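Contents: one structure, followed by commentary.
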């Protein structure tokens, strides 16, 4: 039975939002390194960080200062450094950062690095929210990367980012492309979303016969104080069962053993793919 060890790192902001994006980036990366080493010691095969892991969740503001947080992918400093750690530890690493395509065109992106340090590609967040207190469209252009499947050393991997998780179409597209494990790096605060946090991803795992790793940050971030990031990062299996769950308030690495044979086992038992009727779904694309 093939076992893939999944690791998720949740973390509070290091430094202060009055600091420069470069200073915060350095502090956040430095804070993650001991957890990367801890993951390696635990035998983690696929490691994922939280959404825009090098920065605060700056979207409650509309401050152009945060445009200074962007990096190129794969040629920016964070992805280059994580390629070194991936190769050092034979570990797949998913690196969610604020990406610059060209000056003025920025995306909420996750780079995927294979276990030999090879850059495999990226996923750009597809669905961008814009409501009071969450001004993501000020910072992020909607993603245009489609639903890429990453054939890693350990599994077929998909990525969906934060707000994307509310849209079932992407989970299905990734699973149809062949994904066995889908990660969802997030930044979400207590309130209605906390109920949904433990509802949507297990349900999506069941509907699509995949493992899902959901990772959220912790703590509060002044001066915006939009609420408490409640952590609770977890991995669920294709039956929607929790394999591991983090605390609500601590910097933490969680590790789960994923028995990859369960993907085939569950899909053979619950024949949702056989019983799909895509020829009847046309109206879904017309509204």
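Laboratory data are not the source of any read-out in this text; all were calculated from the coordinates shown. Please read these numbers as outputs of a predicted model, since none were measured by experiment. Here the Cβ is made from the backbone with ideal geometry for all residues, glycine too, and neighbour counts use every protein chain on show.
Brief remarks on what is shown
- From the options 190, 246, 214, residue that is buried (at least 18 other Cβ atoms within 10 Å of the Cβ), farther than 22 Å from residue 122 by Cα and touching a strand residue (DSSP E or B) at 6+ places or on another chain (Cβ under 6 Å): 246
- Matching residues, the range 70-94, being over 23 Å from residue 151 (Cα atoms) and under 18 Å from the mean Cα position of the chain (by Cα): 70, 71
- Output for the range 157-176, where each listed residue is farther than 19 Å from residue 284 by Cα and in contact with a strand residue (DSSP E or B) (Cβ under 7 Å, 6 or more places away or on another chain): 157, 158, 159, 160, 161, 162
- Of the strands (runs of 3 or more DSSP E) lying entirely inside the range 95-214, those containing at least 2 residues that are more than 17 Å from the chain's Cα centre (by Cα) and farther than 30 Å from residue 259 by Cβ are 105-113.
- Out of 227, 240, sole residue that is farther than 20 Å from residue 44 by Cβ and either touching a helix residue (DSSP H, G or I) at 6+ places or on another chain (Cβ under 6 Å) or part of a strand (DSSP E or B) (or both): 240
- When the range 72-93 is limited to residues that are in contact with a helix residue (DSSP H, G or I) (Cβ under 9 Å, 6 or more places away or on another chain) and in a helix (DSSP H, G or I), the one that is surrounded by the most Cβ atoms within 10 Å (Cβ to Cβ) turns out to be 82.
- Residues that are over 20 Å from residue 86 (Cβ atoms) and surrounded by fewer than 19 Cβ atoms within 10 Å (Cβ to Cβ) within the range 153-171 comprise 166, 167, 168, 169, listed in sequence order.
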